[in-house]
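The next block holds one structure in the form of structure tokens; read it before the comments.
What follows draws every value from the coordinates through simple rules; no lab data is involved. Nothing here was measured: the structure is a model prediction, and the numbers come from that model. FYI the Cβ positions are ideal-geometry reconstructions off the backbone, even for glycines, and counts take in every protein chain you see.
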Amino acid sequence: MQNDLAAPFTFGSLERYTYRERLIIRIVGLVSYIVVRIIGLTIRFEVTNTESERDVLAAGKQPIYSFWHDRMVTSTYYFRNRGIIVLSSQSFDSEYTARCIQRFGFGIIKGSSSRGAVAGLVGMIRAMKAGAPAAFTVDGPKGPRYEVKSGPVLLAKKTGNPLLPFVIECTRFWRVKNWDRLHVPKPFTTANVLFADPIYVDPNIDDEGLEAKRLELQAALDQLVDAGEKWRSAG
């Protein structure tokens with residue numbers, strides 16, 4: 001890992017938080033990591049259309065893994081220890097989430113669709129140009145659920161790296177009653193990692209073209225959700 005990529009893999013400063021908040025962030029981040037790791041160790045993974053990922057890497061590109069926020073738990077475990085850079089919001093809740101996924105080998109760039117969006121995107125571009133793969137919860141950090149935002153498409157335009165849509169479907173999972181209805185896999189479940197074909201974005205594309213690519217990404221993820229649900233029902 002290059003020296004200029006070290007910072008995202010280091011826990012961020014908590015000096016702006018109170019003592020109580022710092023304690024919560026540290027405890028919840030650690031406990032979340034332990035829970036995800038224990039459940040993850042029991043999951044049996046299978047992969048559909050793995051050639052998409054191999055083709056991107058064989059072309060000398062880094063994927064921009066693009067997925068729905070509700071699949072974050074299983075995705076964190078499956079893609080662990082690959083040096084993937086993730087965009088994280090600047091909210092209190094995001095701090096313990098960031099510490100959890102950093103323990104799984106992810107790097108964190110701060111920013112969001114509401115605060116620090118430009119700085120976050122610039123950080124992602126720099127990290128990718130330094131050779132890191134990236135990941136986007138494309139409807140995060142707070143929705144609307146299953147509605148693709150433009151950030152990953154802009155990242156693909158600026159870096160020349162393709163979007164790689166995927167969905168992880170579990171045969172058995174809990175669903176959290178929050179905005180994204182987060183999927184939490186049950187122990188010993190089977191999970192299918194379904195990839196779509198990579199989506200490349202021309203560096204000279206105009207605004208109309210960017211919107212077309214956003215809709216293409218939306219359609220790819222919608223189709224993957226349908227395919228995942230059919231796979232689960234057939235099992």
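Here the Gaussian network model covers the chain, with springs between Cα atoms less than 10 Å apart; of I34, I85, I168, I34 fluctuates the most.
With 0.36 nm allotted per residue and the present C-alpha distance subtracted, the N81-L14 stretch has 21.7 nm of extension available. Between D222 and K177, the C-beta separation translates, for a Förster distance of 22 Å, into a calculated FRET efficiency of about 0.45.
Placing dummy labels 7 Å off each Cα toward the beta-carbon, the span from T42 to A119 is 4.1 nm.
For R172, what is the net charge nearby, where nearby means another residue's Cβ is under 13 Å from its Cβ and Lys, Arg count +1, Asp, Glu -1? Summing Lys/Arg as +1 and Asp/Glu as -1 gives +3.
Largest GNM mean-square fluctuation across R181, R20, R82, computed for the chain with C-alpha springs under 10 Å, falls on R20.
Placing +1 on each Lys and Arg Cβ and -1 on each Asp and Glu Cβ, with no other charges, gives the chain a dipole about its Cα centre of roughly 1120 debye. Which of the lysines could a cross-linker span from K110 if the Cα-Cα distance has to be under 22 Å and same-chain partners fewer than 8 positions apart are dropped? Within reach: K129, K142, K149, K157, K158. For L23 and N204, the difference between the fully extended length at 0.36 nm per residue and the C-alpha to C-alpha distance is 60.5 nm.
Recomputing percent of Cα pairs over 29 Å apart from the coordinates shown identifies the correct label among [x] 33; [y] 28; [z] 24 as [z].
Among residues other than G105 with Cβ under 10 Å from its Cβ, the summed charge is +3 (Lys and Arg +1, Asp and Glu -1). Result for the chain in a Gaussian network model with C-alpha springs under 10 Å: among F166, F188, F104, the largest mean-square fluctuation is at F188.
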